[in-house]
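Structure record follows, encoded as structure tokens.
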Amino acid sequence: MKDDLAGGEPDPAGGHAPPAHGAARDYTGAVYGSLLAASVVAGAGTLGRFPRLEMIVLLLGTSVVFWAAHVHARLFGARAVFRTISLAEVRRACAEEWPIVTAAVPPAAVVALGPLLGLEAQGTMWLAIGVAVAGQVGWAAAAAAGIGAPPRAVLLTSVVNLLLGLVIVALKAAFHH
């Protein structure tokens, strides 16, 4: 859960205050955003047509929509429904959920740069999925290490996230035309 990794003290909005200097950062949104990006590329990539600009807009646009949904849920969830929400809380929620969007940037960059790498459409899609899954595993490992998890737990969360990413890869492979 997001609150488990935040590292700060609970605030009245049900979130956490920013972590103290040197405290663990919350990478949950980046893990989630990486899985979302892999899913978008895999799903859209099975449709045949591959306009690069449309894929980039789909990747970044979907991540922004999910970011906004997470911000809304955080601010207007059951814990905050009967009180006024401050601008500071809105800014904090926006910032805390922003990794969902930033996680889509590396796969989008791969899509944009695919031609410079000499990749055809399908090669670009596979590389973008690989980058997204690698990001997901990396962010999960960073989150676990950042909270002081033992090496065994860091490895376990990495493996679980790799398996989740491989499910996306398997789905793309199953529906590849």
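Is there a residue in segment 24-44 that is among the acidic types (Asp, Glu), at pLDDT below 60 and not in a helix (DSSP H, G or I)? No, segment 24-44 contains no residue that is among the acidic types (Asp, Glu), at pLDDT below 60 and not in a helix (DSSP H, G or I). Out of segment 107-133, which residues are within 22 Å of Tyr27 (Cα to Cα) and surrounded by fewer than 16 Cβ atoms within 10 Å (Cβ to Cβ)? Once the filter is applied, which keeps residues that are within 22 Å of Tyr27 (Cα to Cα) and surrounded by fewer than 16 Cβ atoms within 10 Å (Cβ to Cβ), segment 107-133 yields only Ala109.
Quick check on Pro115: is it farther than 25 Å from Arg74 by Cα and either modelled with pLDDT of 90 or more or not basic (Lys, Arg) (or both)? So Pro115 passes the test. The test for being at pLDDT below 50, assigned to a helix (DSSP H, G or I), under 20 Å from Thr157 (Cα atoms) and in contact with a Gly (Cβ under 8 Å, 6 or more places away or on another chain) holds for Leu5.
If we scan segment 150-157, do we find a residue that is under 22 Å from Trp67 (Cα atoms), charged (D, E, K, R) and at pLDDT 90 or above?
There is no residue in segment 150-157 that is under 22 Å from Trp67 (Cα atoms), charged (D, E, K, R) and at pLDDT 90 or above.
Are any of the residues in segment 116-135 in contact with a Ser or Thr (Cβ under 6 Å, 6 or more places away or on another chain) and under 18 Å from Leu60 (Cα atoms)? Yes, the conditions are met somewhere in segment 116-135.
The values are calculated or read from the model by the stated rules, or taken from the named source; none is laboratory data. Quantities reported herein were computed from a predicted structural model and do not represent experimental measurements. All Cβ positions, glycine included, derive from the backbone under ideal geometry; neighbour counts span all protein chains shown.
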